[in-house]
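Asker: Please see the structure below; I have some questions.
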2 protein chains.
Amino acid sequence: MYDLIIIGAGPAGLTAAIYAVRYGLNTLVIEKNVIPGQIATVTTIENYPGFTSISGMELMQKFKEHAEGAGATIQNNNVISVKEEQGKKVITTDDGGFETRAVILATGANPRKLGVEGEERLLTKGVSYCATCDGPLYGDLKVIVVGGGDSAMTDALVLSGIAKKVYVVHRRNELRACSILQERVSKKENISFIWDTVIQEIQGDELVEKVVLKNLNTGEITDMAIDGVFIYVGIDPNTSMVDTNKTENGFIVTDEQMESSVKGIFAAGDCRRTSVWQVVTAVSDGALAAISAHEYIISLDLER
Amino acid sequence: MYDLIIIGAGPAGLTAAIYAVRYGLNTLVIEKNVIPGQIATVTTIENYPGFTSISGMELMQKFKEHAEGAGATIQNNNVISVKEEQGKKVITTDDGGFETRAVILATGANPRKLGVEGEERLLTKGVSYCATCDGPLYGDLKVIVVGGGDSAMTDALVLSGIAKKVYVVHRRNELRACSILQERVSKKENISFIWDTVIQEIQGDELVEKVVLKNLNTGEITDMAIDGVFIYVGIDPNTSMVDTNKTENGFIVTDEQMESSVKGIFAAGDCRRTSVWQVVTAVSDGALAAISAHEYIISLDLER
């Protein structure tokens, strides 16, 4: 039986592994993909301190070497379920089962795609899902923000301080965002709204050059020249394998020590309820989750 | 007038600077020391993901280059006071004053010293103030933990999972730590207690070899061979320059968004109330503080 199984080998999972191994815990990391998740798709990360500019792929390679060097074992496998059984946790995968005393879920989350032509091809070439990450590339340029919720408005405000002009393209004629955010964006002179409209296509050769817009009321199709498209139509956490308290969108609810509603099951990084999806917050979550898991395992020892 | 002044150029302050500059905020970092604080005294950091093993000095150099490369200005100066004046913040230094819209305190904290012979000379050579940081160096060795509070007992438990033997040396004959920690340490077979005793001297040539102990009841002096001495007799945050809600030990109380009891004054890293003093938690705090400061500054703009 393992002391700790960590599901997910992104920033949160690998940091948890580094800490857990250093505490002497018998630790296994299980990762679904050969190259872990969301972060590896990022061309350039410029806000993880210590690396002025690095690709997500490279950074994750460094994290992986670090964790393995510290003594962590990382296995490729797909976790189907995490269940509590008489004080221990049972993890079922595509390739057999594991028993462990504690579990850290670091399974990440994926931004929901628009699903339009050009979106995938131009990802990191003008298409982005994070203004805090990619906004600084758009100084003095024109960008679109797609969506009408809190994330869309928060990032529209971020972009309004960097870009020359921000257009919010929203499929309805009112925002879903909280009133304080609505008030703030409405007062920004360089933010304009394009209501009742969706993006039908993102076009460009090497970089985003324009979008094709469709007005849902009139059916009118128009082209619009643009330098960047920031998409906020939802984030889907990868949490279906576990049955803990979650938000309505599936994010795992934890306390400040990263413990979920089930004792001994912890969550860290993008899969837990948070308002910030950054590498720095994920590594902090991972460390805190490992510290908490270690304390939990010590408490189990004493119950014997 | 600056948008944001960050006090302290350790991990929290420099990360806040990277984020703030990327948000387009006019940002100044003020650091008291030529080489910033606590972290630079650490010989080897092995738990900041991405760097398998790096000195604190080197890591801070990388953070500094990163922040300056992003556009942050770092100035050497000693901050005497931070005051709220009619909606703006006024910072007084040894070398004049500054006005700013928001402030992030990232001034760090220093572990209290025993003040005995050998403590400073053998720092990082067997003397440590952090088991999570340095514990893994003591696999199969014997260590002393000095202190009787929560930090001492938490780290005694960490060390009991790594080292062969842990002696808790405490000046009283009972612990101050909470009962659950007391219960846990009392059940660990490789933890023993040396009551009513203080360390008078730490000896060793290149590395810690032994300590001189004094029993406060009998006055008896004894030598004891030991490989490591972990000291937990208090932590002093550098927060005297600001008047916000603090804990009885002087740590700044913040909410989860790093805001202090004074609007527009934020705190990040070791100087705020937390239970974990790690580089990964400091960088996360720094990013969150910058995000919150940015939101605060946007809200000020709209009040005009």
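Asker: Where is the GNM fluctuation largest for chain A (alpha-carbon springs, 10 angstrom cutoff): A:204, A:115, A:50?
Answerer: Greatest mean-square fluctuation among the candidates belongs to A:50.
Asker: Per the Kirkwood treatment, what hydrodynamic radius in Å, one decimal, follows for region A:200-254 from the mean inverse distance over all distinct Cα pairs? Kindly include the intermediate steps, with their values, before the conclusion.
Answerer: Values: mean 1/r = 0.0690 Å⁻¹.
Every distinct Cα pair counted, the radius reaches 14.5 Å.
Asker: Further question on the same structure: Which value, to two decimals, describes the C-alpha radius of gyration of region A:159-204 once divided by 2.2 N^0.38 Å? Provide the component values of the computation, followed by the final result.
Answerer: Working: Rg = 11.7 Å, N = 46, 2.2 N^0.38 = 9.4 Å.
Normalised Rg, Cα atoms only: 1.25.
Asker: How do A:141, A:288 rank by accessible surface area computed with a 1.4 Å probe, from largest to smallest? Mind dumping the intermediate values first?
Answerer: Details: A:141 60, A:288 35 Å².
Ranking A:141, A:288 by accessible area, largest first, yields A:141, A:288.
Asker: Pick out which of A:241, A:60, A:224 has the largest mean-square fluctuation in a Gaussian network model of chain A, springs linking Cα atoms closer than 10 Å.
Answerer: A:224
Asker: Please report Rg over Rh for the protein assembly as shown, where both radii come from the alpha carbon positions and Rh follows the Kirkwood definition. All intermediate terms of the calculation are to be shown ahead of the outcome.
Answerer: On the way: Rg = 25.6 Å, Rh = 25.6 Å.
Ratio of gyration radius to Kirkwood radius: 1.00.
Asker: Convert each backbone phi in region B:123-139 into a coupling constant with the Karplus relation 6.51 cos²θ - 1.76 cosθ + 1.60 (shift: θ = phi - 60°), then list the ³J(HN,Hα) values in order as whole Hz, x for Gly and Pro.
Answerer: 4, 6, 10, x, 9, 8, 10, 7, 6, 4, 6, 10, x, x, 6, 10, x
Asker: Here's a follow-up. Return the whole-Å distance between the Cα centroid of region B:100-152 and the Cα centroid of region A:238-256.
Answerer: Taking the Cα centre of region A:238-256 as reference, the centre of region B:100-152 is 36 Å away.
Asker: Between residue A:167 and residues 5 or more places away or on another chain, which pairs have amide H atoms under 5 Å apart, with H built 1.01 Å from N, and which residues are they?
Answerer: A:143, A:144, A:145, A:192
Asker: Which percentage, to the nearest 5, of the DSSP beta bridges contained in the protein assembly as shown is antiparallel? Each step should come with its number before you reach the end.
Answerer: On the way: 56 of 126 bridges.
Restricted to the protein assembly as shown, the bridges split so that about 45 percent are antiparallel.
Asker: Moving on. Which pairs, out of A:263/B:165; A:89/B:165; A:165/A:210; A:32/A:83; B:142/B:210; A:32/A:125, put more than 20 Å between their alpha-carbon atoms?
Answerer: A:263/B:165; A:89/B:165; A:32/A:125
Asker: For the protein assembly as shown, what does the accessible surface come to per residue with a 1.4 Å probe? Please give it in Å². Spell out each step's value before the answer.
Answerer: Values: 25910 Å² over 608 residues.
I get 43 Å² per residue for the protein assembly as shown.
Asker: Here's a follow-up. Tally Lys and Arg at +1 and Asp and Glu at -1 over the other residues with C-beta under 12 Å from the C-beta of residue B:207: what net charge comes out? Can you show the working numbers first?
Answerer: Values: positive: B:121, B:125, B:210; negative: B:205, B:206, B:209, B:227.
With Lys, Arg at +1 and Asp, Glu at -1, the net is -1.
Asker: If DNA, RNA and ligands are ignored and the probe is 1.4 Å, what is the ranking of B:251, A:193 by accessible area, most exposed first? Before the final figure, lay out each step's value.
Answerer: Working: B:251 20, A:193 60 Å².
Sorted by accessible area, descending: A:193, B:251.
Asker: For residue B:277, what accessible area in Å² do you get when you roll a 1.4 Å probe over the heavy atoms of the protein chains, rounding to the nearest 10?
Answerer: 80
Asker: I would also like to ask the following. Take every residue in peptide A:270-279, count the Cβ atoms of other chains within 10 Å of its Cβ, and give the average of those counts.
Answerer: For peptide A:270-279, the averaged partner shielding equals 2.
Asker: When the scattering of region A:112-232 is computed by the Debye formula from its Cα atoms alone, each counted once and equally, what is log10 I(q)/I(0) at q = 0.09, 0.13, 0.18, 0.21 Å⁻¹?
Answerer: The Cα Debye sum returns log10 ratios of -0.20, -0.44, -0.87, -1.20.
Asker: GNM on chain B, C-alpha springs below 10 Å: top fluctuator among B:255, B:285, B:227?
Answerer: In the Gaussian network model the winner is B:255.
Asker: While we're here: About the Cα centre of region B:1-115, what is the dipole size in debye to 20, counting +1 per Lys and Arg Cβ and -1 per Asp and Glu Cβ, all else neutral? Can you show the working numbers first?
Answerer: Details: 10 positive and 11 negative charges, 50 e Å.
For region B:1-115, the charge dipole is close to 240 debye.
Asker: Loop-only check: which trypsin sites (Lys or Arg not before Pro) in region B:65-168 are DSSP coil with at most 16 other Cβ within 10 angstrom?
Answerer: For trypsin sites (Lys or Arg not before Pro) across region B:65-168 that sit outside H, G, I, E and B with at most 16 neighbouring Cβ atoms in 10 Å, the list reads B:112, B:113, B:121, B:125, B:164.
Asker: If I compute solvent accessible area with a 1.4 Å probe over the protein chains, what percent of it on region B:113-231 is carbon and sulfur?
Answerer: On the way: 2510 of 5730 Å².
Result for region B:113-231: 44 percent of the exposed heavy-atom area is carbon or sulfur.
Asker: Using a 1.4 angstrom probe on protein heavy atoms only, which residues from region B:1-31 are buried by at least 50 Å² of accessible area when all chains are present rather than their own chain alone?
Answerer: B:19, B:22, B:23
Asker: Taking amide H positions as placed in the peptide plane 1.01 Å from N, state which residues far from residue B:102 in sequence (5 or more) or on other chains have amide H under 5 Å from it.
Answerer: B:4, B:5
Asker: Just grab the label-to-label distance for residue B:172 and residue B:58, each label 7 Å out from Cα along the Cβ direction, in nm (one decimal).
Answerer: 4.3
Asker: Given only helices, namely DSSP H runs of n ≥ 4 each adding -39500 (n - 2.57), what is the per-residue ellipticity at 222 nm of chain B, to the nearest 500 deg cm²/dmol? It would help to have the intermediate numbers written out before the result.
Answerer: On the way: 6 runs with 75 residues, N = 304.
Theoretical 222 nm ellipticity from helices: -7500 deg cm²/dmol.
Asker: Rounded to the nearest 100 Å², what is the buried accessible area between A and B, both sides summed, probe 1.4 Å? Could the numbers behind the result be given before it?
Answerer: Numbers: alone 14960 and 14980 Å², together 25910 Å².
Buried area (both sides, nearest 100 Å²): 4000 Å².
Asker: Set Lys and Arg Cβ to +1 and Asp and Glu Cβ to -1, take the dipole of region B:113-231 about its Cα centre, and tell me which of B:139, B:216, B:154 lies farthest positive.
Answerer: B:154
Asker: Which Cys residues of chain A have no other Cys beta carbon under 4.7 Å away?
Answerer: Isolated Cys, chain A: A:178, A:271.
Asker: Pop out a list of residues from region B:52-80 that are at least 50 Å² less accessible with all the protein chains around than in their chain alone; 1.4 Å probe, no ligands or nucleic acids counted.
Answerer: B:66
Asker: While we're on this one: So how much slack lies between residue B:301 and residue B:81, counting 0.36 nm per residue of separation and subtracting their Cα-Cα distance, in nm?
Answerer: Working: separation 220, 0.36 × 220 = 79.20 nm, distance 2.52 nm.
Between residue B:301 and residue B:81, full extension yields an extra 76.7 nm.
Asker: Now a separate question. Return the FRET efficiency for the residue pair residue B:224, residue B:257: r is the Cβ-Cβ distance, R0 is 51 Å, and the value is rounded to the nearest 0.05. Write down the numbers at each step before the final one.
Answerer: On the way: r = 47 Å, r/R0 = 0.93.
In this case the efficiency is close to 0.60.
Asker: Provide the net charge surrounding residue A:216, with neighbours chosen by a C-beta distance below 13 Å and charges set as Lys +1, Arg +1, Asp -1, Glu -1.
Answerer: Values: positive: A:171, A:172, A:214; negative: A:196, A:220.
After counting each charged neighbour, the total is +1.
Asker: Now for a separate question. What share of Cα pairs, in percent, lie more than 17 angstrom apart in region B:1-83?
Answerer: Looking at region B:1-83, the distances longer than 17 Å represent 46 percent of pairs.
Asker: While we're on this one: Given A:73, A:170, B:67, which one lies farthest toward the positive end of the charge dipole of the protein assembly as shown, if we put +1 on the Cβ of every Lys and Arg and -1 on the Cβ of every Asp and Glu?
Answerer: A:170
Asker: Which log10 I(q)/I(0) values, to two decimals, does region A:1-143 give at q = 0.09, 0.10 Å⁻¹ under the Debye formula with one point per Cα?
Answerer: -0.35, -0.42
Asker: Averaged over its residues, how many other protein chain Cβ atoms are within 10 Å of peptide B:156-162's Cβ atoms?
Answerer: Values: counts 0, 5, 7, 1, 2, 9, 3.
The per-residue average across the peptide is 4.
Asker: What is the magnitude of the charge dipole of chain B about its Cα centre, with +1 placed on the Cβ of each Lys and Arg, -1 on the Cβ of each Asp and Glu, and no other charges, expressed in debye to the nearest 20? Please list the in-between numbers first.
Answerer: Numbers: 28 positive and 40 negative charges, 75 e Å.
It works out to roughly 360 debye.
Asker: Return a whole-number percent for the relative contact order of chain B, with Cα pairs under 8 Å and 6 or more residues apart as the contact set.
Answerer: The value is 21 percent.
Asker: Per the Cauchy relation, a quarter of the hull surface: what is the mean projected area of the convex hull of the alpha carbons in chain A, in nm²?
Answerer: Working: hull surface 66.7 nm².
Average projection, Cα convex hull of chain A: 16.7 nm².
The values are calculated or read from the model by the stated rules, or taken from the named source; none is laboratory data. A quick note: this is a predicted structure, and the numbers were derived from the prediction, not measured. Neighbour counts are summed over all protein chains in view; Cβ atoms, including those assigned to glycine, are modelled from backbone coordinates with ideal geometry. Ligands, DNA and RNA are excluded from the accessible area calculation, which covers all protein heavy atoms including side chains. Shrake-Rupley method; radii C 1.70, N 1.55, O 1.52, S 1.80 Å.
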